[in-house]
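These notes are about the structure you will find just below.
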Amino acid sequence: MTDPTGPSGDIDPTGEIAAPDEVAVPEQVADPGEQRGILASSAVMAAGTVVSRFSGFIRSTLLLAALGGGLHADLFTIANTVPNMLYILLAGGVFNAVLVPQLVRAMKSDADGGMAYVDRVVTLATLFLGAVTVLLVLAAPWVMRLLLDSQFNDAGLAEQRQSAVDFARYCLPQVFFYGMFVLVGQVLNARGRFGPMMWAPIANNVIAVGVLVVYLFAFGPASPGEQHGAFSGSEELLLGIGSTLGIAAQFFILVPYLRSAGISIRPRFDFRGTGLGHTLRLGVWTVLFVVVNQAAYVVVVRLASGGTAASSEGTGITIYSSAQLAVMVPHSIITVSLATAILPRLSAHAAAGDAAALSRTLVSTVRTALAVVVPFAVLLPLIALDTSQVLWGHGATAATYPRFETTVSLFGIGVVFFTLHYLTLRGFYALEQNRTVFLIQCVIAAVNIVAALVLVGRTDPDHTSPMLVIAYTIAYGVGSLISFTVLSRQLSELPLRPMLGFVARLLVAAAAGLGAAWVVDLGLDELLSRAPGAGGWWWAAVEVMVLGLVDVVVLLLLARPLHLREITSVVDTVAGRLRRR
């Protein structure tokens, strides 16, 4: 639920004349064969992510329909978020960012193709994650005290605090299964098997949906009074154990794919003198990176819990995280898939000392991702209310879904900055410059914490979630600027000016799409106001689809005259296939 991880001159990167005292920088074009390979790998992962996200939306809709969007839901959401957050804090950064480059090197340089290295890593991770998980379950009350606002120490919220602790005990075993899932998934990624890791979370969502359906039948949607109260023991047992079973399932689904990839894991305890020390030294900076990142997220969760604790009308972590889930769809489908596919290639380019190839691959990937997320972010304020009604206008939140609108609207800009920053970091990881990543993240975390404390401290509980989104946007705006600028100075082949020109042209196309969608929206509002049954979530879905289609059509029409190659190449490919058929 977290990733918690997000655009001078208007020189056309296709080669227009620069100013007299400057040199025109040619556009960075990735090798066509490599780019096709990246897109092919990304397509497999994106397909899995689309299905996973769709099932995730069903889960989110059912969760909000069952629990509402207030304190009642926040108790479960915080406890169920803790395992993912602690996994990222304890091991996730090392598994995600450090092991992939090391696995690639081991497969290329070791006589056994890296098999012994994989055995040792999996053995060490299993021991570490198992021990940590047991300790965390025992420490559940102290973990929740760190994450819950001080208002939960009041006697009036004692039952709610206990529900949060009970949920944490049921959910904290997920730390082990999260860790093993990502570790095994990254081993498969290093072998070129990208699909299983992207498809496996669907099993988690299917189980979660089943648990929530049973919950709704057994206990029904939370009433307005219950949405500020605690849970019963049976409710805690069903939701807590059901959530952990889903995370366990997505790990166990990956295990058979190891054998099909030619990997047979055997326990090995000969850790000394085997290269793990180098991996762990690299991991030190990554661990520090995630410590800083998760420290900021702890502040966000704690501030958010205060919003719903203070008022039944307050907005908190459930609204914040649900909106983030929805708005992160383009990032999750496009950016994460691209980043996962390019990291082994970037690592290989870095190992070969080919800075030009690394630069071409990274720049092309960044532009492709921005071509999707920027128009989406620009359109988002227009469709935020309708999107909120479609996703959350049911059951316990049927009358309160407008509380999501502002949070959803504001998240779009933050996702653009996060996307640029996220992809740029892949370049640093490939170069093994983890210390630089840590220092940049310190700045991001500091900005996020300070902005969140100031903004939430100056607002009422109703606007807690929107203020946290603004803090997130400010932080990643600063972070993306720093990370891209620093990397562009280290890689002379990574030009900043052509990228700014591309973003400027993309914003022109996105603004035109927004304008056209707004005009159509005026007509739809008039039309739908006269239609029978207007105002339901299905009408809202129609509006979102129509406005999205208008925006996409305008974007496609303007892509060629504005030299948006990342869009026109896709159009040309699709058109060519249609002509051949």
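Quick notes on this structure:
- Vicinal HN-Hα couplings computed from phi for region 140-148 (Karplus, 6.51 cos²θ - 1.76 cosθ + 1.60; Hz; Gly/Pro x): 3, x, 6, 4, 5, 4, 5, 8, 8
- Computed label-point distance, nm, for sites residue 553 and residue 490 using a 7 Å Cα→Cβ extension: 4.6
- Here's how it looks for residue 315: its modeled amide H is under 5 Å from those of 462, 463, 464, 465, which are all 5 or more places away or on a different chain.
- Accessible area per residue in Å² at 1.4 Å probe, computed on region 307-419: 24
- By a 1.4 Å probe calculation restricted to protein chains, residue 159 has an accessible surface near 140 Å², given to the nearest 10.
- In order along region 171-184, the phi-based Karplus estimate (6.51 cos²θ - 1.76 cosθ + 1.60, θ = phi - 60°) of 3J(HN,Hα) comes to 8, 4, x, 4, 3, 4, 6, 4, x, 5, 4, 5, 5, 5 Hz; Gly and Pro are listed as x.
- Each peptide in 55-66, 410-421, 457-468 gets a packing score, the mean of other Cβ atoms within 10 Å over its residues, and the list from highest to lowest is 410-421, 55-66, 457-468.
- Residue among 163, 241, 221 farthest towards the positive dipole end of region 117-267, charges placed on Cβ: 241
- Rounded to whole numbers, the Karplus 3J(HN,Hα) couplings from phi for region 458-472 are 9, 10, 8, x, 4, 10, 4, 4, x, 5, 5, 5, 4, 4, 4 Hz, using 6.51 cos²θ - 1.76 cosθ + 1.60 with θ = phi - 60°, and x at Gly and Pro.
The values are calculated or read from the model by the stated rules, or taken from the named source; none is laboratory data. No experiment lies behind these values; they were computed from the predicted model shown. Methodologically, a virtual Cβ is constructed for each residue, glycine included, from the backbone with ideal geometry; neighbour enumeration extends over all protein chains shown. Quick note on the areas: whole protein, heavy atoms, side chains included, nothing else; ligands and nucleic acids left out. Shrake-Rupley method; radii C 1.70, N 1.55, O 1.52, S 1.80 Å.
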